[in-house]
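The values are calculated or read from the model by the stated rules, or taken from the named source; none is laboratory data. The structure displayed is predicted, hence computed values, not measured ones. Cβ placement follows ideal geometry from the backbone for every residue including glycine, while neighbour counts extend to all protein chains displayed. Calculation scope for accessible area: heavy atoms of the full protein, side chains included, ligands and nucleic acids excluded. Shrake-Rupley method; radii C 1.70, N 1.55, O 1.52, S 1.80 Å.
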Amino acid sequence: MTESQTSRALRAPVDVLVLGAGPAGLVLGNLLLTAGIDCVILERASRTHVRDRARAGFLAPNTARILERHGLADGLHRYGRRHGTCEFRTRDGRFRLDYGALGEDTRHHVYPQQDLVTDLLEHYLGRGGRVHFDTEALAVHDADGPRPSVTARDPDGRPARWTARYVAGCDGRHGAARRSLPPGTVRHQHDHGVTWLGLLAEAPPSLDAVGYALHDRGFAGHMARTPQVTRYYLQWQRGTAADAWSEQRIWDELDIRMGAADHGPLHRGPFRERGLFDLTCDVIEPLRHGSLFLAGDAASLLAPAAAKGANLAVLEAEILATALLGALTRGDATGLDGYSDRCLEHIWKAQEFTGWMTRLLHSAPETGGDAGSFFQAGLRRSRIASLRTSRIHQDWFAANYVGV
Ligand code: RFL
């Protein structure tokens, strides 16, 4: 019988049904598959879209260790680059923080998320893993019972129903897992009040460091992705369209905020992508509802200011895989029982540092008029001065900047 003929029928039950083929879902799928657990991934997008979606680039040492432990780090080691310097630019000048030299393993790996996802997908499919692309999960049912199910829309638009022993919601902030949470689930949310215009430029990096420019006109950021592609961010007026400015105007503004006249020109090139990101964040609590577990952005959304989201996604996927293995192979449910608390500890720590970083990089939204902004600017200058001069502060920064 062909795939489409069976689409209305109940699909064969699996041990673990994973929703979403992002970093969280694919790491989880790989770990379960390697351990001989029967799992299936349902992914709303097409295979091409999943492999091409550019997002993260900075991966923490712990993320690399997890990938290494499970034989998933070959691409990262072959093509990724190590990075351990950030440069802060303010009206008082610039200074470099070599955070990579401050600890034993405190350097990032720079490796585009779409390359990581491509590697993870190839490993998973190569090991015989099953991913159903163009298949949108619509809702999770009966999560509080022993046989949860998921209704989904097949690629041809027809409905399907999957049953599993466990469901892993790795389908991001707008996924079906979040929509299916029972009443009473808490979603703690916070809006940092800042919007970024995110740009992917077809241009080589302009400095050999992550650049953070704290300018009176707003924040600007520079992050290398590959030798040919660089990410830039521009603090943006919320409500203004992403295409409101010409490329020329954006480059001119980046020049001003990054102090190109004093610190050297930016390599210009066409923008391959523009997107608006409101710096908002949230945490779902708890992360377990019966047989449904949330991981990655589905569990908690972080503002991109401190590059933590993909790193947490990988960490949570490993914790969840270990817990599921314990339950499915040894009947030991302690890992599953502790999953939510264990991940929430990491999540809140990452949220705390991300909030600190967000306040460091931006003028706060207007509170208290001119006097309020003047006060905020004074606090930011003091934070930067401390980071420039205090070794204790630098060590704290390095540990949190690369840690998850
Ligand atoms: P993803 O990557 O969003 O994957 C979720 C997958 O689920 C699918 N999906 C569904 N599938 C089936 N049914 C449904 N109903 C579905 N709904 C959604 C989606 O198509 C998708 O394939 O979530 P995951 O796996 O939790 O991974 C999270 C990371 O992608 C995210 O946290 C990071 O990209 C955040 N982030 C960064 N994190 C870092 O650690 N380091 C960085 O340098 C970094 N830079 C960034 C970032 C996020 C950014 N954006 C998008 C705000 C830079 C940017 C610009």
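DSSP beta bridges in the chain, what fraction antiparallel, as a percent rounded to 5? Bridges in the chain that DSSP calls antiparallel: roughly 75 percent. Residues whose amide H falls under 5 Å from that of residue 206, counting only those 5 or more places apart or on a different chain, are 267, with hydrogens built in the peptide plane. Placing pseudo-labels 7 Å out from each Cα toward the beta carbon at residue 118 and residue 96 gives an inter-label distance of 3.0 nm.
Remark on residue 280: its backbone amide H falls under 5 Å from those of 192, a criterion applied only to residues 5 or more positions apart or on other chains, H modelled at 1.01 Å from N. The stretch between residue 385 and residue 349, if pulled fully straight at 0.36 nm per residue, gains 10.6 nm over its current Cα-Cα span.
Average accessible surface for the chain: 43 Å² per residue, computed with a 1.4 Å probe over protein heavy atoms with every protein chain in place.
Placing a label point 7 Å from the Cα of residue 373 along the Cα-to-Cβ direction, the residues of the range 224-254 whose backbone N falls under 13 Å of that point are 237. Taking the charge dipole of the range 23-90 about its Cα centre, with +1 at Lys and Arg Cβ atoms and -1 at Asp and Glu Cβ atoms, the residue from 29, 41, 58 reaching farthest to the positive side is 58. Magnitude of the charge dipole for the chain, about its Cα centre and with charges confined to Cβ atoms of Lys, Arg (+1) and Asp, Glu (-1), is about 200 debye.
Of the listed residues 374, 353, the order by accessible area with a 1.4 Å probe, largest first, is 374, 353.
Tally up the carbon and sulfur contribution to the accessible surface of the chain as a whole percent, 1.4 Å probe, everything protein left in place. Result for the chain: 50 percent of the exposed heavy-atom area is carbon or sulfur. Of the residues 231, 91, ranked by 1.4 Å probe accessible area with the largest first, the sequence reads 91, 231. When the Cα gyration tensor is reduced to axis lengths a ≥ b ≥ c, the ratio a/c is 1.5 or higher for the range 41-106, and with a/b not above b/c it is classed as oblate. Would you look at the GNM of the chain, springs on alpha carbons closer than 10 Å, and say which of 328, 199, 19 moves the most? Maximum fluctuation in the GNM of the chain, among the listed residues, is at 328.
Over all pairs of different C-alpha atoms in the chain, the reciprocal of the mean inverse distance, the Kirkwood hydrodynamic radius, equals 22.3 Å. Would you work out if the range 142-181 is rounded, prolate or oblate? Take a ≥ b ≥ c from the square roots of the eigenvalues of the alpha-carbon gyration tensor; rounded if a/c is under 1.5, else prolate when a/b is larger than b/c, oblate otherwise. Oblate is the answer for the range 142-181, as a/c is 1.5 or above yet b/c matches or exceeds a/b.
How high is the relative contact order of the range 208-281, in percent, counting Cα pairs under 8 Å that sit 6 or more residues apart?
Numbers: 68 pairs, mean separation 18.8, N = 74.
Relative contact order comes out at 25 percent.
For the chain, what is the mean residue ellipticity at 222 nm derived from helices alone (per DSSP H run of n ≥ 4: -39500 (n - 2.57); sum divided by total residues; nearest 500 deg cm²/dmol)?
Mean residue ellipticity at 222 nm (helix-derived): -11500 deg cm²/dmol.
Translational diffusion coefficient of the range 251-404 at 25 °C, 0.890 mPa s, Stokes-Einstein with Kirkwood Rh over Cα pairs, in µm²/s as a whole number. Provide the component values of the computation, followed by the final result.
Values: Rh = 18.7 Å.
Taking Rh from Cα pairs, D becomes 131 µm²/s.
Distance from the Cα centroid of the range 265-299 to that of the range 74-101 is 22 Å (rounded to whole angstrom).
Taking the Cα centre of the range 39-87 as origin, sum charge times position over the Cβ atoms of Lys and Arg (+1) and Asp and Glu (-1), and report the length of that vector in debye to the nearest 20. Working shown, then result.
Numbers: 10 positive and 5 negative charges, 15 e Å.
I would put it at about 80 debye.
Relative contact order for the range 1-160: 29 percent, from Cα pairs under 8 Å spaced at least 6 residues apart, divided by residue count. Note on the chain: with a GNM built from Cα contacts shorter than 10 Å, the maximum mean-square fluctuation among 288, 330, 55 falls on 330. Across 246, 300, 386, the residue with the most accessible area heads the list, and the full order at a 1.4 Å probe is 246, 386, 300.
Close amide-amide hydrogen proximity is noted between residue 138 and 151, 152, 153, each under 5 Å apart and 5 or more residues distant or on a separate chain (H modeled in the peptide plane; Pro and chain starts excluded). In the range 204-236, whose amide N lies under 16 Å from the spot 7 Å out along Cα-to-Cβ of residue 173? List them in ranges. Taking a point 7 Å out along Cα→Cβ of residue 173, the residues of the range 204-236 whose backbone N falls under 16 Å are 236.
The relative contact order of the chain, computed from alpha carbon pairs under 8 Å that lie at least 6 residues apart in sequence, is 19 percent. Note on the chain: dipole from Cβ charges, positive end direction compared against 256, 398, 296; the farthest Cα belongs to 256.
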